[in-house]
Amino acid sequence: LEAVYRDTPVALALFDRAGRFQRINAAMAAINGLPPDAHLGRRMPEVVPDTGPAVEAIVRRVLATGAPVT
């Protein structure tokens, strides 16, 4: 798992049930414009306010249904 997060060029993030970043890779951090550590423990609206509401809706849907988002 460490190698996947470290080496993949695809944006990856893991959220907890409250929508806080628990893990993020460099590709996702680059998209958001902050280093990976700046995301941890924070919710999307705190990191990228303009995209926060849309992302939070997706996270809520995944938690409610268990269906993945690709």
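The values are calculated or read from the model by the stated rules, or taken from the named source; none is laboratory data. If you're wondering where the values come from, they're calculated on a predicted model, not measured in any experiment. Methodologically, a virtual Cβ is constructed for each residue, glycine included, from the backbone with ideal geometry; neighbour enumeration extends over all protein chains shown. The accessibility values were calculated without ligands, DNA or RNA, using every heavy atom of the protein model including side chains. Shrake-Rupley method; radii C 1.70, N 1.55, O 1.52, S 1.80 Å.
So the values come out like this:
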item	result
Which numbered condition residue 28 fails, given (1) closer than 15 Å to residue 58 by Cβ; (2) surrounded by fewer than 12 Cβ atoms within 10 Å (Cβ to Cβ)	(2)
Number of the exception - residue 22 against (1) open to solvent by 90 Å² or more (accessible area, probe 1.4 Å); (2) in contact with a Phe, Trp or Tyr (Cβ under 9 Å, 6 or more places away or on another chain); (3) touching a residue at least 40 places away in the same chain (Cβ under 8 Å)	(3)
Answer residue from the range 31-43, given it is in a helix (DSSP H, G or I) and open to solvent by less than 80 Å² (accessible area, probe 1.4 Å) and is farthest from residue 70 (Cα to Cα) among those	38
Criterion violated by residue 10 - all others in (1) loosely packed, with under 13 Cβ neighbours inside 10 Å; (2) part of a helix (DSSP H, G or I) satisfied	(2)
Close pairs (9 angstrom Cβ cut-off, 6 or more residues apart or separate chains): within 18 Å of residue 12 (Cβ to Cβ) in the range 43-62, among the polar types (S, T, N, Q) and surrounded by fewer than 14 Cβ atoms within 10 Å (Cβ to Cβ) anywhere	44/51
Selection status of residue 55, surrounded by 12 or more Cβ atoms within 10 Å (Cβ to Cβ), over 12 Å from the mean Cα position of the chain (by Cα) and aliphatic (A, V, I, L, M)	no
